[in-house]
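Have a look at the structure below, then the notes.
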Amino acid sequence: MKRIRVAMACVLALLVMLPAWAEVDLHASLNRDTAAVGEVVQLTVAVSGALTGVGDPRLPQLDYLNVVSTSSQKSIQFINGQMQTTTTWVYGIRASREGTYTIPAIEVPVDDRVLSTQVLTLRVLPPASASRPSPAPPPDLAPPDEPPPGTQPSVEPIQAITEVSNRTPYAGEQVTLTLRFYQAHSVMLIGNAEYSPPTTDGLISEPLPDGPQRTERLGNMSFEVATRQTALIAPAPGQYTIGPATITFRRGYMQPEESIQTDPITLDVRPLPERGRPADFGGAVGNLDLAVSLSTPRVRVGEAASLRLTISGTGDLRQIEAPEVTVDGDARVYQSGEERKIEPQQRGQEFAIGGSVTFDYLIMPREAGTLTVNPVVMHYFNPRSGRYESSQSAALSIDVAPGEMGETVIEAPGDELRYIKDNALGLHTRPPITSNVLFWLLQALPLVGLGLAYMHRAEQLRRARDPRYRRRVEAAAHARRQLSEISRMQQPAEAYRRGDEVLAEYIAAR
């Protein structure tokens, strides 16, 4: 009797479980069975029933079928007091080759089991088939509604696209990367979508101003389009990969977070052409102008004339080095400073990285007469024309008048520094060792050593970061050495002349 009761209990348990198992519904579908190469087809996998745990579908390997977007949605309903859960996954699939493809059964973990969907078939036509004209309908039938020209037959309510202005740029040429995020007006998101920029390993990346948000119509849906742009510059020829950008969003407070990704992009960067390359070409790429100006056209011997050279336009101006400035005549030329202003420049509807670079020079004549500043020539490669071009300044003249003798420099009779020694011994009784100054000096020696090392390191870093400070310090040290040598000269006239020259060099170097 006991065995019969156990068997009946097992049968009842199976009868209770069978309806729950039978309630699970899993299926997969394509929004269309035929598409052209490059078009996106929507693959939907849905599972519903009284479920306690559902895992992500296990997509099989699909040759020449690339998954370009992924989203999921989960909903819960109560029917006759029983909870029904429906989970839906939507995959955007793009074919890169024509043919007929079989999508094998997709496995989905459900509770303690693994269920499989049915097998699907997708036919991919050549790209030209999407643009072939359809046969004209009979006169008595109205033409079917067709999407506007240039749009895909299948349009996702949320999608993102990245594109570049040029896939085969020259080394040093700017490429504009544009991301467009499409959100249909019928789709409401919680908060703002989060944007993760693509990886641009090896490329110089500079953000550009975002484009204005606009409304665009694709197919039979209206979209809000948000645009982000980035300037990319390849420093050397070769192949560079721009990774996918990721957009993360949420459709509702109780909905899971979703994300979509754009396709990666490959840049084939070409080297600058050898034909027509000037011998003194410095590597500048862009569209540049050069201008030179003088602070004054007249100076005296020993005085300095300031010259400013400005390079402006579009391109990677951070790579431009200071051009060499030469003069005809007895004079010295020193570079006294530089300033770079790099910011996006608007050119019509587009933005390009550019700005201006300013180099300052000091010209110090040594004798009266006329100095001629030779024209400065800068060669650059213009990607728009594909040729090497140059910008040249005009020659400038400086009238140099004779200088005046300054004050006589009196030679110092000897070392003006005197060291003071304090031999006070303090109390004559034997104090404790901690009251001895020597004790504390010995204790402080490590701290003093660390402080001196820190000051020396800080001085080196400051000289490396601040060229003006380095020139000022080095000029002062050089002037002191020169004045020390002049103080030992026996001829006053020569000493005065050398002292005037040293002072002028010191002012110019500062």
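So Tyr454 passes all but one of these: (1) within 30 Å of Ile363 (Cβ to Cβ); (2) of a type in the set (Ser, Thr, Tyr); (3) modelled with pLDDT of 80 or more; (4) under 55 Å from the mean Cα position of the chain (by Cα). Which condition number does it fail?
Among (1) within 30 Å of Ile363 (Cβ to Cβ); (2) of a type in the set (Ser, Thr, Tyr); (3) modelled with pLDDT of 80 or more; (4) under 55 Å from the mean Cα position of the chain (by Cα), the lone unmet condition for Tyr454 is (1).
Anything in region 312-332 that is of a type outside the set (S, T, N, Q), out of contact with any Ser or Thr (no Cβ under 7 Å at 6 or more places or on another chain) and within 19 Å of Asp360 (Cβ to Cβ)? List them, or say none.
Leu317, Arg318, Ile320, Glu321, Ala322, Pro323, Glu324, Val325, Ala331, Arg332
Could you list, in sequence order, all residues of region 298-326 that are without any contact (Cβ under 8 Å) to a residue 60 or more places away in the chain and farther than 11 Å from Leu288 by Cβ?
Ser306, Arg308, Arg318, Glu321, Ala322, Pro323, Glu324, Val325, Thr326 - these are the residues of region 298-326 that are without any contact (Cβ under 8 Å) to a residue 60 or more places away in the chain and farther than 11 Å from Leu288 by Cβ.
Would you check if there is a residue in region 201-214 being more than 14 Å from the chain's Cα centre (by Cα) and among the aliphatic types (A, V, I, L, M)?
Checked region 201-214: no residue is more than 14 Å from the chain's Cα centre (by Cα) and among the aliphatic types (A, V, I, L, M).
Which of the residues belonging to region 260-281 are open to solvent by 80 Å² or more (accessible area, probe 1.4 Å) and small (Gly, Ala, Ser)?
Selection gives Ala279 alone.
Test Ser293 against the criterion of being within 30 Å of Gly403 (Cβ to Cβ) and of a type outside the set (Lys, Arg), and give yes or no.
yes
Looking at the structure I just gave you, is Pro235 touching a residue at least 24 places away in the same chain (Cβ under 8 Å), open to solvent by 50 Å² or more (accessible area, probe 1.4 Å) and either basic (Lys, Arg) or part of a loop (DSSP other than H, G, I, E, B) (or both)?
yes
Condition check ((1) closer than 19 Å to Val45 by Cα; (2) open to solvent by less than 40 Å² (accessible area, probe 1.4 Å)) across all residues:
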residue	(1), (2)
Thr88	yes, yes
Tyr91	yes, yes
Arg94	yes, no
Arg97	no, no
Thr100	no, no
Pro104	yes, no
Asp111	yes, no
Gln118	yes, no
Leu125	no, no
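Count, please, the residues in region 484-496 that happen to be in a helix (DSSP H, G or I), free of Cβ contacts under 8 Å to residues at least 60 places away in the same chain and either closer than 26 Å to Gln335 by Cα or open to solvent by less than 70 Å² (accessible area, probe 1.4 Å) (or both).
2
For Thr241, only one of the following conditions fails: (1) within 30 Å of Ala368 (Cβ to Cβ); (2) hydroxyl-bearing (Ser, Thr, Tyr); (3) open to solvent by 70 Å² or more (accessible area, probe 1.4 Å). What is its number?
(1)
Suppose the filter is under 30 Å from Gly191 (Cβ atoms), open to solvent by 30 Å² or more (accessible area, probe 1.4 Å) and free of Cβ contacts under 8 Å to residues at least 40 places away in the same chain; does Glu257 pass it?
Here the answer is yes, as Glu257 does meet what is asked.
Out of all the residues in region 178-199, which are under 21 Å from Ala231 (Cβ atoms) and either open to solvent by less than 30 Å² (accessible area, probe 1.4 Å) or touching a Cys at 6+ places or on another chain (Cβ under 8 Å) (or both)? It would help to see each step written out before you state the result.
So in region 178-199, the residues under 21 Å from Ala231 (Cβ atoms) come out as 178-181, 195-199.
Listed by number, the residues that qualify are Thr178, Leu179, Phe181, Pro198.
Hey, Leu288 hits all of (1) within 30 Å of Val327 (Cα to Cα); (2) open to solvent by 20 Å² or more (accessible area, probe 1.4 Å) but one; which does it fall short on?
(2) is the only condition that Leu288 fails.
Select, from Glu216, Glu173, the only residue that is acidic (Asp, Glu) and open to solvent by 40 Å² or more (accessible area, probe 1.4 Å).
Sole residue among the options that is acidic (Asp, Glu) and open to solvent by 40 Å² or more (accessible area, probe 1.4 Å): Glu216.
Which of the residues that make up region 303-324 are open to solvent by less than 30 Å² (accessible area, probe 1.4 Å) and either among the hydrophobic types (A, V, I, L, M, F, W, C) or under 17 Å from Ser393 (Cα atoms) (or both)?
Step one: list which residues in region 303-324 are open to solvent by less than 30 Å² (accessible area, probe 1.4 Å), which gives 305, 307, 309, 311, 313-317, 320, 323.
Result: Ala305, Leu307, Leu309, Ile311, Gly313, Leu317, Ile320, Pro323.
Which numbered condition trips up Glu274, out of (1) free of Cβ contacts under 8 Å to residues at least 60 places away in the same chain; (2) in contact with a Ser or Thr (Cβ under 7 Å, 6 or more places away or on another chain); (3) not small (Gly, Ala, Ser)?
Going through the list (1) free of Cβ contacts under 8 Å to residues at least 60 places away in the same chain; (2) in contact with a Ser or Thr (Cβ under 7 Å, 6 or more places away or on another chain); (3) not small (Gly, Ala, Ser), Glu274 breaks only (2).
Need a quick list: strands (runs of 3 or more DSSP E) entirely within region 284-386 having at least 1 residues that are in contact with a Gly (Cβ under 9 Å, 6 or more places away or on another chain) and within 19 Å of Glu505 (Cα to Cα).
298-300, 350-365, 369-373
Considering Asn382, Asn374, which residue is of a type in the set (S, T, N, Q), over 30 Å from Ala495 (Cβ atoms), out of contact with any Pro (no Cβ under 8 Å at 6 or more places or on another chain) and open to solvent by less than 30 Å² (accessible area, probe 1.4 Å)?
Details: Asn374 fails: open to solvent by less than 30 Å² (accessible area, probe 1.4 Å).
After ruling out the rest, the residue left standing is Asn382.
The values are calculated or read from the model by the stated rules, or taken from the named source; none is laboratory data. A quick note: this is a predicted structure, and the numbers were derived from the prediction, not measured. Virtual Cβ from ideal backbone geometry, glycine too; neighbours counted across all protein chains shown. Remember, those area values only see protein heavy atoms, side chains included, never the ligands or the DNA or RNA. Shrake-Rupley method; radii C 1.70, N 1.55, O 1.52, S 1.80 Å.
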